[in-house]
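Heads up: the structure comes next, in structure tokens.
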Amino acid sequence: MTTFSDPPKASFRPSMLLSDTRYRSITFQVIALALLVTAIWYLGSNLAANLRAAGLNISFQFLGNPAGYDINQTLIPYTSQSSNLQAAWVGIINTLLVSFLACVTATIFGVIAGVLRLSNNWLIRKLMAGYVEIFRNIPVLIWILIIYTIMTAAMPAPSAFRGDDPASTMMLGSFAFTNRGVYIPGPVWGPGSMIVVATFVASIIGVFAYRRYATKLLYDTGRLLPMLWPSVAILFVPAIVVFFIMGMPIGLDFPALAGFNFRGGIQIGAPLIALWFALSIYTGAFIAENVRAGIQAVSRGQSEAAAALGLRPGRVMNLVVLPQALRVIIPPLISNYLNITKNSSLAILVGYADITATLGGITLNQTGRAIECVVLLMLFYLVISLGISMVMNVYNNATKLKER
Amino acid sequence: MKKTVIFGALTVAGLAAGAAGAATLDDVKARGKLNCGVTTGLAGFAAPNANGEWEGFDVAVCRAVAAAVLSDKNAVEFVPTTGKTRFTALASGEIDFLARNTTWTFSRDTDLKFDFIGVNYYDGQGFMVPKALGVSSAKDLDGATVCIQTGTTTELNLADFFRKNNISYEPVPVETNAEGQQQYLAGACDTYTTDASGLAATRATFETPGDHVLLPEIISKEPLGPLVRHGDNEWGDITRWVLNALIAAEELGITSANIEEMTGNTNNPEIARLLGTEGTLGEMIGLDNEWAKRAIMAEGNYGEIFAKNIGEETPIGLARGLNAQWTDGGLLYAPPVR
């Protein structure tokens, strides 16, 4: 009697880990992972052993202890009795603030300079080339110092505004430019002011809705609705009407000399201005080059064809060239936003209280917890960078060429 | 092959770091050099001169320790440290001894695991304002903008002082003394605060020192002293007694000029013990009997070091004040040498 059986399965032999291409790549990855883990474990245990030998330990308890120092720019409640963690939050918010402001202005500078660098006007073209080459090729550290030094040395001190015949006067009676910063009138929120703000927010949403509707109508029926004046009307009229109905709840607080400094209004500190401006013009020069590359990547035929249709140069740029150029511009733009965020850590040079200055500077120094502070700093910048990268990649996917 | 090399290097580094915890004296002797942490440059206290040689008040203590331990006052490797790196450098064993106007505080002594071996300069925090401001007391500084070196104990004292007096201020953090001076002169801050000795030294460099006044309030105690790692008590004893020897030498009238004739030629037993002609003090701390003699000969006794680097004859122009010997009404007091 003959017994039939399935053809024998190719049994797994250990040697196949190397010889079989199906397993080989996995084998090497496992080996690499094991080596990496061993190396990290070795370094970590070495650190732990040395700390133990020195009688120290890793502890994050210091975060709960009072910080003991004051910070000149705090957007959230903070006193010297607040915890080190709160000081770190102040720093994080300051970092995000200056990074956000610099990203916005750098983009504006970059787009303007990048477009103008391709202008037909010789003078403008060369001026923009000069801007890009000068700012791109000098370290941002130097720019921050130059701008801060110019600010503190060239602008008058608040004491210059004092006396019967002051050396300096406030612009329009409400703006003061001093070497400690710029003082501008600030809003005072009375009862009912939140309703005005809510109306304004609703108006902004309304403007978007209207423009969306107008575009849809244009595509569907070919009827072109006016865009500009309805947008402006929707934006301002309801808010102004509500403002008067509620009895003008929002007032202005003007800065005035009191004691040693100006008081009242909003103070934009010199460190913030210097850092913001320096980061903007420095990174703006890089973005300008990205924009130029993006525009040049769009075939000349596109703009020639658009011109042949009778479009004016401005509309050719806005409707034909820039939308296509964005696909080339956005990926390097992400890197530039990351660079701005990371370069903002140079803030301590001008005494701006960012996260590197609070957690990584003063707290580290006062508590002596160097390893813990640096680990937290690394984590923070990693999270922020990955976050920016993620948001920008979503935008990139939305604008990139849809291939079907 | 490459991996082996890297792992080998890591292992060696790990072992070296591990061993740094104990027996610093043996390490220093084996190396033939004392690794001494100093500031990155503060005139009078520690700064390289025109020839690139470090000199100053803190540097002199380093040289005295090197002379006592290695018989050569020049066997010192000076490691410049900033306010941020100083403690890590000491804790990790990169330096054996930190002499860098560092304030002796509770948490540094306990939590950070260091041992302060004594005080070589008694200081306190003060304020400097332009005369034109018309301020005569620090309590009138409500709302002022204050320049402050960041990451120092003065920063904490400042916050405490204003909170205690229930007045407000706006800090302008600066990294270095030079930066603070520039901001203050540009009027970016109303007042500059740091250790009174630093203020005096800074004001001395102004074009018109008379236009600036130091306010009378001294708002903190700043005992500045050298420190070593916690746990190596033998090394702590050696450095502590080198500093004490310099202070005791001034009290006993031993100077670098008369030390040779005093050796074996005195009827004061304390001087004889200190200079090693009597007793076995050197043996007790693991050195030979001439350790203190060499330490004093290195840069002179405490008074000579003070006069040469920061005293009234120098541009820094500091009076002895609290740093006079206890016999002259100051706070300097070396325990008995016996």
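The values are calculated or read from the model by the stated rules, or taken from the named source; none is laboratory data. Small disclaimer: the values here were computed from a predicted structure and weren't measured. Positions of Cβ are generated from backbone atoms using ideal geometry, with glycine treated the same way; all protein chains shown enter the neighbour counts. Side chains are part of the model used for accessible areas, which takes the heavy atoms of the whole protein and leaves out ligands, DNA and RNA. Shrake-Rupley method; radii C 1.70, N 1.55, O 1.52, S 1.80 Å.
In the condition set (1) outside any loop (DSSP other than H, G, I, E, B); (2) in contact (Cβ under 8 Å) with a residue 12 or more places away in the chain; (3) not polar (S, T, N, Q), A:G247 is compliant with all but (1). Of the residues in the stretch B:296-313, at least one is more than 28 Å from B:A200 (Cα to Cα) and open to solvent by 10 Å² or more (accessible area, probe 1.4 Å).
Being loosely packed, with under 15 Cβ neighbours inside 10 Å, away from chain B (no Cβ under 14 Å) and at negative phi narrows it down to one of A:V104, A:V132, so name that one. So that I can check it myself, show each step before the final result.
Values: A:V132 fails: loosely packed, with under 15 Cβ neighbours inside 10 Å.
From the options A:V104, A:V132, the qualifying one is A:V104.
Scanning the stretch B:150-176 for residues that are open to solvent by less than 40 Å² (accessible area, probe 1.4 Å) and either at positive phi or among the polar types (S, T, N, Q) (or both) gives B:T150, B:G151, B:T152, B:T153, B:T154, B:N157. Determine whether A:V391 is more than 11 Å from chain B (Cβ to nearest Cβ), part of a helix (DSSP H, G or I), under 12 Å from the mean Cα position of the chain (by Cα) and surrounded by fewer than 17 Cβ atoms within 10 Å (Cβ to Cβ). Here the answer is yes, as A:V391 does meet what is asked.
Mind listing whichever residues of the stretch B:252-269 are among the aliphatic types (A, V, I, L, M) and touching a residue at least 12 places away in the same chain (Cβ under 8 Å)?
Restricting attention to the stretch B:252-269, the residues satisfying the condition of being among the aliphatic types (A, V, I, L, M) are B:252, B:254, B:257, B:259, B:262.
Listed by number, the residues that qualify are B:L252, B:I254, B:I259, B:M262.
Inside the stretch B:188-214, residues that are surrounded by fewer than 21 Cβ atoms within 10 Å (Cβ to Cβ) and within 14 Å of chain A (Cβ to nearest Cβ) make up a count of 1.
Pick from A:S159, A:S119: which is surrounded by 15 or more Cβ atoms within 10 Å (Cβ to Cβ) and hydroxyl-bearing (S, T, Y)? Walk me through it before giving the result.
Details: A:S119 fails: surrounded by 15 or more Cβ atoms within 10 Å (Cβ to Cβ).
After ruling out the rest, the residue left standing is A:S159.
Mind listing just one residue for me: the one in the stretch B:135-179 that is among the aromatic types (F, W, Y) and within 9 Å of chain A (Cβ to nearest Cβ) and, of those, farthest from B:A196 (Cα to Cα)? Quick ask: steps written out before the conclusion?
Residues of the stretch B:135-179 that are among the aromatic types (F, W, Y), as a first pass: B:161-162, B:169.
Now restrict to residues that are within 9 Å of chain A (Cβ to nearest Cβ): B:162, B:169.
Details: B:F162: 18, B:Y169: 20 Å.
My answer is B:Y169.
Against the conditions (1) over 20 Å from A:F254 (Cβ atoms); (2) surrounded by 15 or more Cβ atoms within 10 Å (Cβ to Cβ), A:I204 satisfies every one except (2).
Looking at A:T79, A:T152, just one residue is open to solvent by less than 60 Å² (accessible area, probe 1.4 Å), over 19 Å from the mean Cα position of the chain (by Cα) and either within 12 Å of chain B (Cβ to nearest Cβ) or among the polar types (S, T, N, Q) (or both), and that residue is A:T152.
Take the conditions open to solvent by 40 Å² or more (accessible area, probe 1.4 Å), touching a residue at least 40 places away in the same chain (Cβ under 8 Å) and of a type outside the set (K, R) and apply them to A:N318. Does it pass? Spelling it out, it is not the case that A:N318 is open to solvent by 40 Å² or more (accessible area, probe 1.4 Å), touching a residue at least 40 places away in the same chain (Cβ under 8 Å) and of a type outside the set (K, R). For the stretch A:166-173, does any single residue satisfy the condition of being over 30 Å from A:I240 (Cβ atoms), under 28 Å from the mean Cα position of the chain (by Cα) and surrounded by 13 or more Cβ atoms within 10 Å (Cβ to Cβ)? Taking every residue of the stretch A:166-173 in turn, none turns out to be over 30 Å from A:I240 (Cβ atoms), under 28 Å from the mean Cα position of the chain (by Cα) and surrounded by 13 or more Cβ atoms within 10 Å (Cβ to Cβ). Given the conditions (1) over 28 Å from A:G284 (Cα atoms); (2) open to solvent by less than 40 Å² (accessible area, probe 1.4 Å), which single one is not true for A:I371? With (1) over 28 Å from A:G284 (Cα atoms); (2) open to solvent by less than 40 Å² (accessible area, probe 1.4 Å) applied to A:I371, the lone miss is (2).
Condition test on A:A357, is it within 14 Å of chain B (Cβ to nearest Cβ), within 25 Å of A:G284 (Cα to Cα) and not polar (S, T, N, Q)? Steps first, answer last, please.
Working: within 14 Å of chain B (Cβ to nearest Cβ): yes; within 25 Å of A:G284 (Cα to Cα): yes; not polar (S, T, N, Q): yes.
Yes.
Among the residues of the stretch A:35-70, those identified as at the interface with chain B (Cβ under 7 Å from one of its Cβ atoms) and touching a residue at least 12 places away in the same chain (Cβ under 8 Å) are A:G68, A:Y69. Any chance the stretch B:230-239 includes a residue that's away from chain A (no Cβ under 14 Å) and more than 21 Å from the chain's Cα centre (by Cα)? Checked the stretch B:230-239: no residue is away from chain A (no Cβ under 14 Å) and more than 21 Å from the chain's Cα centre (by Cα).
Among residues of the stretch A:175-189 that are more than 14 Å from chain B (Cβ to nearest Cβ), those with a Cβ under 6 angstrom from a residue that is among the aromatic types (F, W, Y) and not in a strand (DSSP E or B), sequence gap 6+ or separate chain, pair up as A:P185/A:F254.
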